[in-house]
Amino acid sequence: MRDLKALESAIKPNTKMVIGESPTNPTLRILDIPGIVSICKPKKILTMFDNTFMSPCLQNPLAIGVDIVIHSCTKYIGGHSDIIMGAVITSDDEIYKKIKKYSGLLGCCPGPHDCFLASRGLKTLHLRVERAEFNAMKLAEILAKHPKVKETLYPGLPTFLGHDLLKKQAKGFGSMITINFENGAQSAKFYNALTLFGHAVSLGGVESLVSFPTKITHKSLPEALKAKLGVTDTMVRLAIGIEDFEDLRDDLLKALEAVQNRINCFT
């Protein structure tokens, strides 16, 4: 999807929709959303983007031509890890009518208390996103310089491949960081040594979380596909929350010391 020429050549006469995610999970690759829209619109192909990682505060795909945007409201919108909910959003009346029709027919409508919790989360969304992004930027700068971290993936770093592109199509860089170690043993030691970061797969809540993509979110994918996507056992994903920066920094540095001291091997 990052190669617009490859995308255009992959489109077939029966292609109805192009679905994307930017930044991608967990490699944080940035897609050229306006470029994708410019290819699809003339061909009357719908575009749909998952905007969960950025939240409505930092990126608005509808404003740059995307037809449908989806969010996991469990993440930033809810913000407190206490709902399971999704949202489908469009600015096209005809698409809206179809979504509303099938939503009712399939029964995929949230309960009133879930809606209340999502509404509550929206009231503090901008504050939480701002704080989490502040923490993420400072932590990414530290991780990028640490000798035990082979690679730090964070769109806010000027050296990140998609940094300039994201600046053009978004208002911020988000609070997701992915780091790579030299080998899986090191990533496992780091993972197990974290104490303030919760060991869970979610993101976007007030609390910081750490997860192993190869062990959880991408576990079911064939090994060859994981390798092609760049998802390996050397990779650890960090979802940064709104805790005090100093506490998060100290927890990360302590865990990196564990990597140096060769303790707490993950099994």
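The values are calculated or read from the model by the stated rules, or taken from the named source; none is laboratory data. It should be emphasised that the depicted structure is a prediction, and the values quoted were computed from it without experimental measurement. FYI the Cβ positions are ideal-geometry reconstructions off the backbone, even for glycines, and counts take in every protein chain you see. Ligands, DNA and RNA are stripped out before the accessible areas are found, and what is left, the full protein with its side chains, is counted by its heavy atoms. Shrake-Rupley method; radii C 1.70, N 1.55, O 1.52, S 1.80 Å.
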- Might you check whether a residue that is small (Gly, Ala, Ser), under 21 Å from the mean Cα position of the chain (by Cα), at pLDDT 95 or above and surrounded by fewer than 22 Cβ atoms within 10 Å (Cβ to Cβ) occurs anywhere in the range 213-228? no
- Item | Hits in the range 17-41 - residues which are more than 15 Å from Val66 (Cβ to Cβ) and either open to solvent by 70 Å² or more (accessible area, probe 1.4 Å) or more than 22 Å from the chain's Cα centre (by Cα) (or both) | Arg29
- Message: Restricting to the range 40-70, name every residue that is in contact with a Ser or Thr (Cβ under 9 Å, 6 or more places away or on another chain), within 19 Å of Lys168 (Cα to Cα) and β-branched (Val, Ile, Thr).
- Response: Thr52, Val66, Val69
- Query: Is it the case that some residue within the range 96-106 is under 21 Å from Ile84 (Cα atoms), touching a strand residue (DSSP E or B) at 6+ places or on another chain (Cβ under 7 Å) and open to solvent by less than 60 Å² (accessible area, probe 1.4 Å)?
  - Reply: yes
- Quick check, is Ser220 without any contact (Cβ under 8 Å) to a residue 24 or more places away in the chain and either of a type in the set (Ser, Thr, Tyr) or touching a Gly at 6+ places or on another chain (Cβ under 7 Å) (or both)? yes
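Residue-wise test of (1) touching a Phe, Trp or Tyr at 6+ places or on another chain (Cβ under 7 Å); (2) over 17 Å from Gly204 (Cβ atoms).
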site	(1), (2)
Arg2	no, yes
Glu8	no, yes
Val18	no, yes
Leu62	no, yes
Gly78	no, no
Ile83	no, no
Thr90	yes, yes
Glu94	no, yes
Lys98	no, yes
- Task: Inspect the range 233-247 for any residue being assigned to a helix (DSSP H, G or I) and within 17 Å of the chain's Cα centre (by Cα) and give the result as yes or no.
- Result: no
- Task: From the list Ala200, Ala188, pick out the single residue that is open to solvent by 10 Å² or more (accessible area, probe 1.4 Å) and of a type outside the set (Asp, Glu).
- Result: Ala200
- Note on the range 28-47: residues of a type outside the set (D, E, K, R) and touching a Pro at 6+ places or on another chain (Cβ under 9 Å) are Leu28, Ile30, Leu31, Ile33, Val37, Thr47
- If we keep only residues of the range 76-92 that are more than 17 Å from the chain's Cα centre (by Cα) and of a type in the set (S, T, N, Q), then the residue most open to solvent (accessible area, probe 1.4 Å) is Ser91
- Item | Condition broken by Leu127, with the remaining ones in (1) more than 18 Å from Pro26 (Cα to Cα); (2) open to solvent by 20 Å² or more (accessible area, probe 1.4 Å); (3) in contact with a Ser or Thr (Cβ under 6 Å, 6 or more places away or on another chain) satisfied | (3)
- Please indicate, with yes or no, whether at least one residue in the range 66-75 is closer than 30 Å to Ile242 by Cα and open to solvent by 50 Å² or more (accessible area, probe 1.4 Å). no
- Message: Taking the conditions exactly as written (touching a residue at least 12 places away in the same chain (Cβ under 8 Å), open to solvent by less than 50 Å² (accessible area, probe 1.4 Å) and at positive phi), does Ser55 satisfy them or not?
- Response: yes
- Task: Give the range 131-161 a look and list any residue that's part of a helix (DSSP H, G or I), surrounded by fewer than 16 Cβ atoms within 10 Å (Cβ to Cβ), among the acidic types (Asp, Glu) and touching a residue at least 24 places away in the same chain (Cβ under 8 Å), or say none.
- Result: none
- Can you tell me which residue among Gly156, Gly174, Gly162 is at positive phi and under 18 Å from the mean Cα position of the chain (by Cα)? Gly174
